[in-house]
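Please read the structure below before turning to the comments.
The values are calculated or read from the model by the stated rules, or taken from the named source; none is laboratory data. Model, not experiment: these values are computed from the prediction. When we count neighbours, we look across all protein chains shown, and the Cβ atoms used for this are built from the backbone with ideal geometry, even at glycine.
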Amino acid sequence: MRHSKGSRSKSRRSKSRKKSPPKSWRSKLLKFFGVVFGISILALMVGFGVVDYTVTQKFSGKKWALAARVYARPLELYVGAKVSDEALKAELSQLSYQSVSYLSSPGQVTYQRGKTEIYLRKRTVNGQTYPAQKVQVQTRQQTIASLRVNGKATSDIVVVEPLEIGAIYPASGEDRILTRLEDIPPLLGETLIAVEDKNFIHHHGISFKAIARAMLVNLKSGEIVQGGSTLTQQLVKNLYLSNERSISRKVVEALMTISLELHYSKAEILETYINEVYLGQAGRRGIHGFALASQFYFDEPIENLNTQQVALLVGLVKGASYYNPRRNPERATSRRNTVLEVMAESGLISAREARDLSKKPLAVTKTPSSQHAYPAFIDLVKQQLLRDYELEDLQSEGLQVHTTLSPSLQSVLENSLSKRLSSLEKGYKINRDSLQGAGILTAVGSAEVLAVVGDRNPRYKGFNRALNAKRPVGSLIKPAIYLAALESGDYSLATTVDDSEVAVDLGQGDVWRPNNFDNKDHGHIPLYNALAQSYNQSAARVGMSVGLREVFNAIERLGIDEPLPQVPAVLLGAVELSPYDMSHFYHTIANDGIYSPLRAIRSVYTSEGERLQRYPLDASERIEPTDAYFIDFALQVAARQGTAKSIYSTISPDIALAGKTGTTNDQRDSWFAGYSGNLQGVFWVGTDDNQPLPLTGSSGALRIWTDVFSKAPLDGINKVKPSSVEYYWIDSQSGLLSKSRCQNAVSLPLLKGHQPKTKSRCVPVSGTKKPWWQRLWGN
Amino acid sequence: MLFANSRNLFFVTNTVTNIVTNLNIRKKVHSFIRIFFVIITCAGAVGCATTGSNSSAPIIPGQEQGQATGSKTPPPPAQAPVNSTSRVIDDLLAKGKRALSSKQPMLAIEQAERGIRIDRTEPELYLLLARAYDALGEVTKAANFARQGLRYVSNSQFLLKQKLQKFTEN
């Protein structure tokens, strides 16, 4: 049996050996295909696994690098707030509030003389959400006299949404504003589906019907006029794939589409599409998503889009560059009207509505909104942000940066600076466009930077002179000399100082002989007047007498924390500092001797609206209250009667102001730093190649300062007199004690009991008859 | 000198008044004489002064003298605001105090800073900052803000002055 079995099997083996070649070939082939098939399935499964992982990883995680968005300070309305009708109008216009005759929906405003009614939008400011509100503002003398919210008088602060003023974009250049599906106008989503993918709700990612229809249309027309891609496929292409056209890419695209449809709802896919889609270009910046496109083309938030605007934006999906409504308005109009027809066919609007709307103009803004128009201020914001954040995070995390910029003051600053530079060039016959300028406005007390201009063209993104132009500051430094003198105890505002010729031995045979600007000696003059008139000889003499070390110490305490050349010439401003540096210096004086680092940022929030960081006010006492009071007094005299007295030919004398001019050697730099009770401004005028100019601090920078301050809402300086200070009548010639109604008598604040003990001879003021009661009671 | 004059003249005023009191026309003359002497007192005090004004706004040289120095600019009058922001400041102070008592010093700081943006010379706002920073354990900051607040306290605000001074003693 065994044998027979063995012989049978042998014979079978021999048989099979005989027939084996064809059988083995087939089996091998089968095996081969089996293996190939197996491997293919395995590869497909692995491939799908990889694709699936890739799709879900990106889709469930962070899909995009989001730009940090930068906002101005929100306008706050309250009774007593200093807001002019013009400023209010300008700010609301920048926020795209529509001027109408009757308020019917949020985002509208009506203007009457002295009365403004605003329908504020729903808004979230500082983590607090406010509903849409009707607000009535009545102003008198540039101040809010009454405020009503929804018809009721209120003493609360009404907060207006902040203006977006800039962004820090991802390295990719893609920019978008993320929107949730529930915040998108339903008509937009419906139109998008009607135009791009009618069957979106029902298919599973790939629509063979759509492919067949597209093929048919393309065959008929002889060119590719219609795509068969569903919204999901388009999203996959945009989100995960390159523009490459190959079979393998098509396979990957299909797998990804299926994966996306398997894992995510239609709502999630549509929301992502609406945020992802490319809709325009602004230089290097790609405009993605409907929310940003709405702002980019219409300067409107997405929720305010009307039907024809929706039609245009949906039409742009087909080719944002080809149908660019600014460059190719005819093409764009035709495309919009096609979309309107589709909307009518789909029952979204009536045929008549489509017809009527197709006659409407595109109404896109001429240029993209000016929200990225503050390069100098944004520079400062970036500088301060980079101390706490990595650039990569700023470019990708979608942070919301709330700053201190006042759009209305920024606009006043920009206009004043560029207009005045042109008129100076004309008036002084300076080469056209050769003058440059920079200016910074700061809120006194809160130390918030309100406006910055770093170039006469405020949109120029290059060299920022306000922050980075280090120029000799001239007489702007002088308050530090006199502060050091007052602090020494050897001087008071009444002390007479010698303004005759001065020579300072620098050693090795070198002698420094500074001259007055008018090349005259002014003899002995009281200290306050030496500062107010900005005499150089007396400043150099006082500085050397007090000691350079003391003067440098005062400069440092006033807010200049960089090393300075230890030479006497610094006394007359031979030290290079920027307008921003000098803003710190003068803010300390304006702020009653309290140093506060200037701030451009209030808070930083995450993209979800959670606060990451606040930038609080900081303060340190740098000058005694009495000395701060004295320096402020002398600077007020400079504004009333000194080198800056031209201020009051424009600004009402009822407003107490203070300031200091600065002019450097050969009049290469013109400076002015000055303040009111609430606002401080530092200005520089010069040329980039450091040319001599026919301008002084008074005839150059001061004029821009005056232009700005005459338009800004001002509080006059109103210092609280320290209890140890008393006003005394002093003879301004001799510095001795005088009496009222005596010639040359001036009322000066001095430390109580530190008045001069010797009385000057009183020569009654000529031409004035003493009142009878004074004659009766004697002097 | 001003006060010395006032005291002497007040004595004279009273003496004259006492004499006139004995007459029948007492009531009418009494008030007239009082007003007359008060005016004389003030005028005399001004005429005799070697001290200038005690107002918080400085008298700019040349302006007080007017014709004497040939200045053309009038002195800056005290500014009367159209509408005071005091109610807004009071509201912010109240909110800040509530935040402090509910142990939210950061919120109190925000309210105080908001107030400083509106009226930077309101000393109560600096007291609120000092208290809030003190609650956070930042005593140096508390002292700094208290010192700043002290610069804006008027002579009549004794209690406020005391409260602020407490933080500067740390």
Any chance the stretch A:263-274 includes a residue that's among the small types (G, A, S), under 19 Å from A:T191 (Cβ atoms), exposed (fewer than 15 other Cβ atoms within 10 Å of the Cβ) and touching a residue at least 60 places away in the same chain (Cβ under 8 Å)?
yes
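Listed residues A:S607, A:S545, A:S578; which is out of contact with any helix residue (DSSP H, G or I) (no Cβ under 9 Å at 6 or more places or on another chain), surrounded by fewer than 24 Cβ atoms within 10 Å (Cβ to Cβ) and either more than 14 Å from chain B (Cβ to nearest Cβ) or within 30 Å of B:A146 (Cα to Cα) (or both)?
Details: A:S545 fails: out of contact with any helix residue (DSSP H, G or I) (no Cβ under 9 Å at 6 or more places or on another chain); A:S578 fails: out of contact with any helix residue (DSSP H, G or I) (no Cβ under 9 Å at 6 or more places or on another chain).
Residue meeting the stated conditions: A:S607.
Going by the structure shown, is A:K660 within 13 Å of A:T706 (Cα to Cα), surrounded by fewer than 20 Cβ atoms within 10 Å (Cβ to Cβ) and either of a type in the set (D, E, K, R) or out of contact with any Ser or Thr (no Cβ under 7 Å at 6 or more places or on another chain) (or both)? Steps first, please.
Details: within 13 Å of A:T706 (Cα to Cα): yes; surrounded by fewer than 20 Cβ atoms within 10 Å (Cβ to Cβ): no; either of a type in the set (D, E, K, R) or out of contact with any Ser or Thr (no Cβ under 7 Å at 6 or more places or on another chain) (or both): yes.
Here the answer is no, as A:K660 does not meet what is asked.
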Among (1) of a type outside the set (K, R); (2) surrounded by fewer than 18 Cβ atoms within 10 Å (Cβ to Cβ); (3) touching a Ser or Thr at 6+ places or on another chain (Cβ under 6 Å), A:T365 falls short only on (3)
Checking B:L125 against (1) touching an Asp or Glu at 6+ places or on another chain (Cβ under 8 Å); (2) under 15 Å from B:S86 (Cβ atoms); (3) more than 11 Å from chain A (Cβ to nearest Cβ), which single condition isn't satisfied?
(3)
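Got at least one residue in the stretch A:560-568 being at pLDDT 95 or above and surrounded by 14 or more Cβ atoms within 10 Å (Cβ to Cβ)? Steps first, answer last, please.
Pass one, the stretch A:560-568, residues at pLDDT 95 or above: A:560.
Those left that are additionally surrounded by 14 or more Cβ atoms within 10 Å (Cβ to Cβ): A:560.
The answer is yes, given that some residue of the stretch A:560-568 is at pLDDT 95 or above and surrounded by 14 or more Cβ atoms within 10 Å (Cβ to Cβ).
Would you say A:I157 is within 14 Å of another protein chain (Cβ to nearest Cβ), in contact (Cβ under 8 Å) with a residue 40 or more places away in the chain, hydrophobic (A, V, I, L, M, F, W, C) and over 30 Å from A:Y389 (Cα atoms)?
On the way: within 14 Å of another protein chain (Cβ to nearest Cβ): yes; in contact (Cβ under 8 Å) with a residue 40 or more places away in the chain: yes; hydrophobic (A, V, I, L, M, F, W, C): yes; over 30 Å from A:Y389 (Cα atoms): yes.
Yes.
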Can you pull out the residues in the stretch A:84-102 that are within 21 Å of A:S155 (Cα to Cα) and either surrounded by fewer than 21 Cβ atoms within 10 Å (Cβ to Cβ) or among the acidic types (D, E) (or both)?
A:S84, A:D85
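State all residues of the stretch A:562-616 that are part of a loop (DSSP other than H, G, I, E, B) and among the polar types (S, T, N, Q); if no residue qualifies, say none.
The first filter runs over the stretch A:562-616 and keeps only residues part of a loop (DSSP other than H, G, I, E, B), leaving A:562-567, A:573-575, A:578, A:591-593, A:596-598, A:600, A:606-610, A:615-616.
A:Q566, A:S578, A:N591, A:S596, A:T606, A:S607, listed by residue number.
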Going by the conditions given, is B:L92 within 25 Å of A:S723 (Cβ to Cβ) and buried (at least 16 other Cβ atoms within 10 Å of the Cβ)?
no
Checking A:K122 against (1) free of Cβ contacts under 8 Å to residues at least 60 places away in the same chain; (2) in contact with a helix residue (DSSP H, G or I) (Cβ under 8 Å, 6 or more places away or on another chain), which test does it fail?
(2)
Can you tell me which residue is farthest from A:Q141 (Cα to Cα) among those in the stretch A:717-736 that are facing chain B (nearest Cβ under 7 Å), of a type outside the set (D, E, K, R) and surrounded by fewer than 21 Cβ atoms within 10 Å (Cβ to Cβ)?
A:S723
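One residue is enough: does the stretch A:403-410 have a residue meeting the conditions assigned to a strand (DSSP E or B), of a type outside the set (D, E, K, R) and not assigned by TED's automatic domain parsing to the domain that holds A:V160?
Going through the stretch A:403-410, the residues assigned to a strand (DSSP E or B) turn out to be A:403.
When the remaining residues are screened for being of a type outside the set (D, E, K, R), the result is A:403.
Those still in the list that are not assigned by TED's automatic domain parsing to the domain that holds A:V160 too: A:403.
Yes, the stretch A:403-410 contains a residue that is assigned to a strand (DSSP E or B), of a type outside the set (D, E, K, R) and not assigned by TED's automatic domain parsing to the domain that holds A:V160.
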Checked the stretch A:482-521 for anything under 28 Å from A:S760 (Cα atoms), under 47 Å from the mean Cα position of the chain (by Cα) and not hydroxyl-bearing (S, T, Y); matches are A:L483, A:A484, A:A485, A:L486, A:E487, A:G489, A:D490, A:L493, A:A494, A:V497, A:D499, A:K520
Please give the number of the condition A:D379 fails out of (1) within 19 Å of A:I177 (Cα to Cα); (2) surrounded by fewer than 22 Cβ atoms within 10 Å (Cβ to Cβ).
(1)
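Tally up the residues in the stretch B:136-170 that are within 13 Å of chain A (Cβ to nearest Cβ), of a type outside the set (V, I, T) and in a helix (DSSP H, G or I), please.
Restricting attention to the stretch B:136-170, the residues satisfying the condition of being within 13 Å of chain A (Cβ to nearest Cβ) are B:136, B:138, B:140-158, B:160-161, B:164, B:167-168.
Filter again for of a type outside the set (V, I, T), leaving B:136, B:138, B:141-152, B:154-158, B:160-161, B:164, B:167.
Remaining after also requiring in a helix (DSSP H, G or I): B:141-150, B:158, B:160-161, B:164, B:167.
Residues that pass the stated criteria total 15.
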Among the residues of the stretch A:180-199, is there at least one that is modelled with pLDDT under 85 and either closer than 30 Å to A:A90 by Cβ or loosely packed, with under 15 Cβ neighbours inside 10 Å (or both)?
yes
Checked against (1) part of a helix (DSSP H, G or I); (2) in contact with a strand residue (DSSP E or B) (Cβ under 9 Å, 6 or more places away or on another chain); (3) within 22 Å of A:Q680 (Cα to Cα), A:V542 satisfies every condition except (3)
Which residue, of A:V314, A:V339, is of a type in the set (V, I, T), in a helix (DSSP H, G or I) and under 32 Å from the mean Cα position of the chain (by Cα)?
A:V314
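May I ask you to list the residues in the stretch A:442-461 that are within 14 Å of chain B (Cβ to nearest Cβ), in contact with a Leu (Cβ under 8 Å, 6 or more places away or on another chain) and not polar (S, T, N, Q)? Steps first, answer last, please.
Of the residues in the stretch A:442-461, the ones within 14 Å of chain B (Cβ to nearest Cβ) are A:442-450.
After this cut, where a residue has to be in contact with a Leu (Cβ under 8 Å, 6 or more places away or on another chain) as well, the list is A:442-444, A:446-450.
Of everything in the stretch A:442-461, those that are within 14 Å of chain B (Cβ to nearest Cβ), in contact with a Leu (Cβ under 8 Å, 6 or more places away or on another chain) and not polar (S, T, N, Q) turn out to be A:A443, A:V444, A:A447, A:E448, A:V449, A:L450.
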Is there a residue being among the small types (G, A, S), within 11 Å of chain B (Cβ to nearest Cβ) and without any contact (Cβ under 8 Å) to a residue 60 or more places away in the chain anywhere in the stretch A:690-713?
no
Options A:D498, A:D455; residue that is under 19 Å from A:V685 (Cα atoms) and surrounded by 15 or more Cβ atoms within 10 Å (Cβ to Cβ)
A:D455
